[in-house]
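Peer 1: If you scroll down you'll find the structure; I have some questions about it.
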Amino acid sequence: MNPQFAAAGSGDFTPTQPSLNDIAVPVGVLTDITGSVRGTNPDPGAYEFSTSACSGVPVAGIISTTSVLACAGGMVSFSLTGQTSGTGIEIAWQQSPAGTGQWVSIPGANTPNFAGVMNSANTDYRALVTCVNSGVQAATNILTISLNQWYMCYCSPLSGATLHTSIGNNITNVGIQGTTLNSSTTVVGSGGYTRADPSGSATTTLTQIVPYTINVTVSSSTTNVGVWVDYNQNGTFDASEYLQLNTAGTIASGTLAIPVTSMTGMTGLRLRAYTTTAYGAAGACSSITTGLETEDYVIDIAPAIVCSGTPTVVGFVTAQPTAICLGQPINLSAAAFAAEQGVTIQWETSQAGQGNWAAITGASNAHYINNTITESSDFRIAVTCNNPGGGTSYSAPVTVNVNNPQLVSVSGATVCGSGSVSLSATPGSGSIVNWYANATGGSRLYTGTAFTTPVVNATTTYYAAASTAGTSGSVGLANRVGGTTNNGYGDVGLMFDAQNSFILNSVAMYPVGTGGDVTTTIVLKDASGTALQSATVTMPTTALPGLKTVVPLNFNVPSGVGHRLVVTSATGGGIAGFIRELSSGFSYPYTIPNVVSITSAYTSGASASYYYYLYDWQITPFCEGTRVPVSVNITTAPAIGVAATSDSICLGSSSTLTVSSANTAYSYSWSNGTTGTTDIVSPMATTKYFVTANDPLSNCTVTDSVVIAVKSTAAVVNTVAGVTAYCLTGSPSLSLSPIPTAGIGFQWQKDSGSGFADIPGATGSTFTEAVSASVSYRANMYCDGAVVNTSTATSINVANPQINSVMPGANCGPGPVTLGASAATGTTIKWYTAASGGTPVGTGASFITPVLTSNATYYVAGSSGGGEAFTGLAAPSAGASSGSGTTNFGLMFDVLNPVTLNSVVIYPVSATSASGTITLQVINDAGTVLHQAVANVTGSPAATPSANTVTLNFNLTPGTNYKLRAASYTGISGLLFGPSASAPSGNYGYPFLVPGLLSINSSTLTAVPLNTPRNDLYYYFYNWKLVSGCESPRTAVTATIESPVTPTVSVNASASAVCAGGTTTLTALSTDGGAAPMYTWFMNGSPVSGASGSSYTASGIN
């Protein structure tokens, strides 16, 4: 806003603009520069002022602008000065179509300064100043804003478009060679956009058809430039009018070929700078994050000159390179020929120096790439004016020399059947021979005139090529500069162009790691990313900054642009990364002229900001001629047939082998050293015999074989039984060891006490049957019906103790009862209170019960054999710790024969010597409790464990998947167990086996029926004591308590009167005396010693 100072020329800067009065915000300054008191709403500036009220006719003042030209949609701005100021003054800006006087007020435009958007046609502007107090208004002068030329109004901030969000001077010079356009800029326009007026060095005239080189200087080698020329003059930059420039260093350049179809006259030229992501051909008006700057110029396109007669300006031609290997492309360029309407050019070629020129089909542009040159050739252009009366002129030729080494001769080979052969090739003078498996591409197999193939079994073609080597050299950064690493190994490396073929002998790398070996894969790829060759190498890693390590590659690199040499993987060796260069210490390109140029780093695209991994390239240039096929021809050997009189024989027998063939020229040799068409063999074991047939005339060799199986047994074959002792009954599983060979027959025999006899139907290599008495087994072995061996006998012992008889007992009234039993010799008689289970209450032929008050049944069983055995870990091992798991925690075991688990040892844990109880159980895989015992225990600290023996006397029956567990405990904190960390090699020694009785298989901490085995744990139960033996079924024996009665006795004498010294027999007959009454005889009132029967003979009666 213009403050309209009262007299700025004389130093009076008191504002007179009424709209400034009282609009400022107080900041604590109470007086102005003159000492006048500031108001509540002070005035801006140094002076506190007031305006007087307007009156009469106001002074309208004068409006001005910075430019009377504008683009539609662009900004226009005006300032009003010299108008009457004071209270009551109002300003209204107005516009009208130019010259029509159709004034319309512009909404919101009521201040001395106004900015707005330009209309789409020429427009008049003025300001209307009104004194509200007098009701009189006055109009200012009129300014006409005209639309600018269309070529000055492309999409830009001047037409309301946003092109950039950041501003920087990235384009510093624009020039077109051979023209007046050579414009430098140091300041960037608003919004990153600069528009040059079409004058002086900022414009030029370009002629249709004529090619022009445009050079743009940029601020960085990573800055790219796109160019548009509005050839059709439609006011927009179309995608078809786009040219991408090539950046080399800080110069972006390209060729503007002005089409003959372009509109003549003034038109626009736009340049846009960006970094990585391009605007694209359709991006002349887009705003992208990688965009840097936009500059517009105006050029004048002049019509093409029409040719006439024979062209006198034929220019010149160049070739790059001028010396090539066979198959290498060349770039041909024509320049400075007559660029006139009606002129065309045609490339022609001739054998070098022969002058036999011929047009090259399709080669009619100034630039032409020839991929088919096979011999040294000359090239030129024919410049023709095609208008009536026109003619043709020719440029001076350029010669391209082709190095095409030749092979003088090659020699293949023929082999019969299969084999390795020697192929040969003779090169021309000064050349070597390279051998390949493919007609094109692939790695060299060998270098030399004679190549020995691997064994081939089908006709195979190899390829030989003559090659001449150039001088070896090195390229690339020779040694590391920095000391930082990068760990990206997925397709990261360098990009390069190969002007000629060469061998990449080696590169150098700096692997950084912990000191082991890193395995790294390096791949050669073409511009499309197709892998051409690869090598996987192993290198030692070292600490920063790493050691320079030479990596041999021996890659055959074909000519081409955009090749990549990249690292695709790196593993092992504690690899932390490879040394690479960042930002400084390197400068692309690295070049050996006419051979190779390393142009940039590669990581998902070209990057000049890095140098990745691959230092000190060692190369050898070479030229290689056309590959010539050299074949190995395979002929088929006539077949042979091998037969045997018997291919399965008994040990000691023989078989006759015979070989035959339709080829009568064969001679035969057998693998056992004999020759001829027959071979009698008597092998000691199954043997494969080979026979080789050789025909010296055709060099054919063929081999066949036959297997002679020998049916035999070992000298000693043992009869093996898993369990050899049973109680009462059992089913032994019998097998043989070692197992005889196939073809041996079997007949099992048993001896039950009367000698060995065949078991009907028992003719397999194994045998099982139920037994109830001791028996011995063996097997006869047969070969072709004859017994060839008999296995050792093994005895199965079946204990079968028996109770022969029992004697019940009785007592008259309460009291003990004597019971009796008899058994076979060697049988121990045991007495029980229950029909099963429990422990014996007595042993021996008689058993006196406790005092009984009623009838009772006891049980007697015969027992024989057995003893004690200990199993499981004897004691906790070093590293044992306290465990508190119950229910699912324990030891899994199988019972093979009936056995008594007499006791186990546990180690209760408590901080002090606390007392408690523990409940131990045996459960089956269904979770059923089969046995249980509760014992008192005393704990001790885990560091000083104390053994507690718990008596169980669990009578275990045969079965699998039993678990012994601690169901619960009180008073202690846990039990010692063997943890996983202390398990020797992950296993505490399972299984713990007592043959024929019991096997502890593993620990577990999971519920039934899963019981996941854990051999790396040992839970709680040490030093199992087993008591074994065989016991017969129990027989009931009754103890009877009879009710007491008073017996009466009558006595009869055989003679009631005898002579002195005579004898008589007295017989007592009791009534109510019970089943077995006891008697006491008296004589003269005194008991007779030893007289307790029902009769008594008295003698010597006086």
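The values are calculated or read from the model by the stated rules, or taken from the named source; none is laboratory data. What you see is a predicted model; the values in this text were computed from it and never measured. In this analysis, Cβ positions are derived from the backbone assuming ideal geometry, glycine residues included, and neighbour counts consider all displayed protein chains.
Peer 1: Among the residues of the range 1047-1066, what is the count of those that are polar (S, T, N, Q) and either touching a Phe, Trp or Tyr at 6+ places or on another chain (Cβ under 8 Å) or closer than 30 Å to Val806 by Cα (or both)?
Peer 2: 1
Peer 1: Condition first: in a loop (DSSP other than H, G, I, E, B), within 50 Å of the chain's Cα centre (by Cα) and at pLDDT 90 or above. Now tell me which residues in the range 162-180 satisfy that.
Peer 2: Hits for the range 162-180 are Thr162, Leu163, His164, Asn169, Asn170.
Peer 1: Are there any pairs, at least 6 apart or on different chains, whose C-beta atoms fall under 7 Å, with the first in the range 902-918 and farther than 14 Å from Gly885 by Cα and the second surrounded by 16 or more Cβ atoms within 10 Å (Cβ to Cβ) and among the charged types (D, E, K, R), and if so, which?
Peer 2: So the pair list comes out as Asn902/Lys1025; Ser903/Lys1025.
Peer 1: Which condition does Gly116 not pass, out of (1) assigned to a loop (DSSP other than H, G, I, E, B); (2) at pLDDT 90 or above; (3) surrounded by 14 or more Cβ atoms within 10 Å (Cβ to Cβ), if it passes all the others?
Peer 2: Checking Gly116 against (1) assigned to a loop (DSSP other than H, G, I, E, B); (2) at pLDDT 90 or above; (3) surrounded by 14 or more Cβ atoms within 10 Å (Cβ to Cβ), the one that fails is (1).
Peer 1: Take Asn811 and tell me if it is in contact (Cβ under 8 Å) with a residue 24 or more places away in the chain, within 26 Å of Pro732 (Cα to Cα), in contact with a Ser or Thr (Cβ under 9 Å, 6 or more places away or on another chain) and in a strand (DSSP E or B).
Peer 2: It is false that Asn811 is in contact (Cβ under 8 Å) with a residue 24 or more places away in the chain, within 26 Å of Pro732 (Cα to Cα), in contact with a Ser or Thr (Cβ under 9 Å, 6 or more places away or on another chain) and in a strand (DSSP E or B).
Peer 1: One residue is enough: does the range 924-932 have a residue meeting the conditions surrounded by 18 or more Cβ atoms within 10 Å (Cβ to Cβ) and either out of contact with any His (no Cβ under 8 Å at 6 or more places or on another chain) or of a type in the set (Asp, Glu) (or both)?
Peer 2: no
Peer 1: Within the range 317-341, which residues are in contact (Cβ under 8 Å) with a residue 60 or more places away in the chain and either among the hydroxyl-bearing types (Ser, Thr, Tyr) or touching a Ser or Thr at 6+ places or on another chain (Cβ under 6 Å) (or both)?
Peer 2: Selection gives Val317, Thr318, Thr322, Cys325, Gln328.
Residue by residue, here is whether (1) over 49 Å from the mean Cα position of the chain (by Cα); (2) over 20 Å from Gly978 (Cα atoms); (3) at pLDDT 95 or above holds:
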site: Val905; (1), (2), (3): yes, no, yes
site: Ser913; (1), (2), (3): yes, yes, no
site: Val922; (1), (2), (3): no, yes, yes
site: Ala926; (1), (2), (3): no, yes, no
site: Ser946; (1), (2), (3): yes, no, no
site: Thr951; (1), (2), (3): yes, yes, no
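Peer 1: Quick one: what pairs do we get from the range 171-191, first residue small (Gly, Ala, Ser), second part of a loop (DSSP other than H, G, I, E, B) and at pLDDT 95 or above, C-beta under 8 Å, 6+ apart or different chains?
Peer 2: Between residues of the range 171-191 that are small (Gly, Ala, Ser) and residues that are part of a loop (DSSP other than H, G, I, E, B) and at pLDDT 95 or above, the close pairs are Gly175/Leu181.
Peer 1: If you go through the range 752-768 one residue at a time, do you hit one that is more than 59 Å from the chain's Cα centre (by Cα), assigned to a strand (DSSP E or B) and buried (at least 18 other Cβ atoms within 10 Å of the Cβ)?
Peer 2: So far as the range 752-768 goes, no, none of its residues is more than 59 Å from the chain's Cα centre (by Cα), assigned to a strand (DSSP E or B) and buried (at least 18 other Cβ atoms within 10 Å of the Cβ).
Peer 1: Scan the strands (runs of 3 or more DSSP E) fully inside the range 981-1082 and keep the ones with 1 or more residues being assigned by TED's automatic domain parsing to the domain that holds Ile918, within 30 Å of Ser795 (Cα to Cα) and not polar (S, T, N, Q).
Peer 2: Qualifying strands (runs of 3 or more DSSP E): 992-994, 998-1004, 1022-1027.
Peer 1: Go through Val716, Val707, Val720 for me and flag whichever is of a type in the set (A, V, I, L, M), within 30 Å of Ala770 (Cα to Cα) and in a strand (DSSP E or B).
Peer 2: Sole residue among the options that is of a type in the set (A, V, I, L, M), within 30 Å of Ala770 (Cα to Cα) and in a strand (DSSP E or B): Val720.
Peer 1: Being among the aromatic types (Phe, Trp, Tyr), in contact with a Gly (Cβ under 9 Å, 6 or more places away or on another chain), over 26 Å from Ser67 (Cα atoms) and assigned by TED's automatic domain parsing to the domain that holds Ala257 is true for just one of Tyr154, Tyr212. Which residue is that?
Peer 2: Tyr212 is the lone residue from the list that is among the aromatic types (Phe, Trp, Tyr), in contact with a Gly (Cβ under 9 Å, 6 or more places away or on another chain), over 26 Å from Ser67 (Cα atoms) and assigned by TED's automatic domain parsing to the domain that holds Ala257.
Peer 1: Does Ser646 fit the bill of being within 25 Å of Phe496 (Cα to Cα) and exposed (fewer than 15 other Cβ atoms within 10 Å of the Cβ)?
Peer 2: no
Peer 1: Separate question: For residues that are closer than 19 Å to Ile171 by Cβ and surrounded by fewer than 16 Cβ atoms within 10 Å (Cβ to Cβ), scanning just the range 256-277, find the one that is modelled with the highest pLDDT.
Peer 2: Checking each candidate, the answer is Thr275.
Peer 1: State which residue pairs qualify: first residue under 10 Å from Ala352 (Cα atoms) and surrounded by 15 or more Cβ atoms within 10 Å (Cβ to Cβ) and inside the range 385-402, second residue of a type in the set (A, V, I, L, M) and at pLDDT 95 or above in any location, beta carbons under 6 Å apart, and separation of 6 or more residues or different chains.
Peer 2: Sorted first by the residue in the range 385-402, then by its partner, the list stays empty.
Results for (1) crowded, with 19+ Cβ neighbours inside 10 Å; (2) part of a loop (DSSP other than H, G, I, E, B); (3) free of Cβ contacts under 8 Å to residues at least 60 places away in the same chain; (4) on the phi > 0 side of the Ramachandran plot, shown as yes or no for each residue.
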{"position": "Val507", "(1), (2), (3), (4)": "yes, no, no, no"}
{"position": "Gly515", "(1), (2), (3), (4)": "no, yes, yes, yes"}
{"position": "Ala527", "(1), (2), (3), (4)": "no, yes, yes, no"}
{"position": "Gly574", "(1), (2), (3), (4)": "no, yes, no, yes"}
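Peer 1: Please verify whether Ile848 is buried (at least 18 other Cβ atoms within 10 Å of the Cβ), touching a residue at least 12 places away in the same chain (Cβ under 8 Å), touching a Ser or Thr at 6+ places or on another chain (Cβ under 9 Å) and not assigned by TED's automatic domain parsing to the domain that holds His931, treating the condition exactly as stated.
Peer 2: No.
Peer 1: Of the residues Gly826, Gly838, only one is without any contact (Cβ under 8 Å) to a residue 24 or more places away in the chain and in contact with a strand residue (DSSP E or B) (Cβ under 9 Å, 6 or more places away or on another chain); which?
Peer 2: Sole residue among the options that is without any contact (Cβ under 8 Å) to a residue 24 or more places away in the chain and in contact with a strand residue (DSSP E or B) (Cβ under 9 Å, 6 or more places away or on another chain): Gly838.
For every residue, the table says whether it meets (1) at pLDDT below 95; (2) among the basic types (Lys, Arg); (3) under 25 Å from Ala786 (Cα atoms).
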site	(1), (2), (3)
Tyr666	yes, no, no
Trp670	no, no, no
Lys688	no, yes, no
Val691	no, no, no
Leu697	yes, no, no
Thr703	yes, no, no
Ala714	yes, no, yes
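Peer 1: With Ala257, Ala278, Ala282, Ala239 as the choices, which residue is touching a strand residue (DSSP E or B) at 6+ places or on another chain (Cβ under 6 Å) and in contact (Cβ under 8 Å) with a residue 12 or more places away in the chain?
Peer 2: Just a single option satisfies the conditions, and that option is Ala257.
Peer 1: Right, another one. Residues being touching an Asp or Glu at 6+ places or on another chain (Cβ under 9 Å) and of a type in the set (S, T, N, Q): count how many of those fall in the range 319-358.
Peer 2: So the answer is 4.
Peer 1: What pairs come up if the first residue lies in the range 1080-1095 and is more than 16 Å from Ser1050 (Cα to Cα), the second is not in a strand (DSSP E or B) and not β-branched (Val, Ile, Thr), and their beta carbons are under 6 Å apart, counting only those six or more places apart or on different chains?
Peer 2: Going by the 6 Å Cβ cut-off, the qualifying pairs are Val1088/Trp1081; Ala1091/Trp1081.
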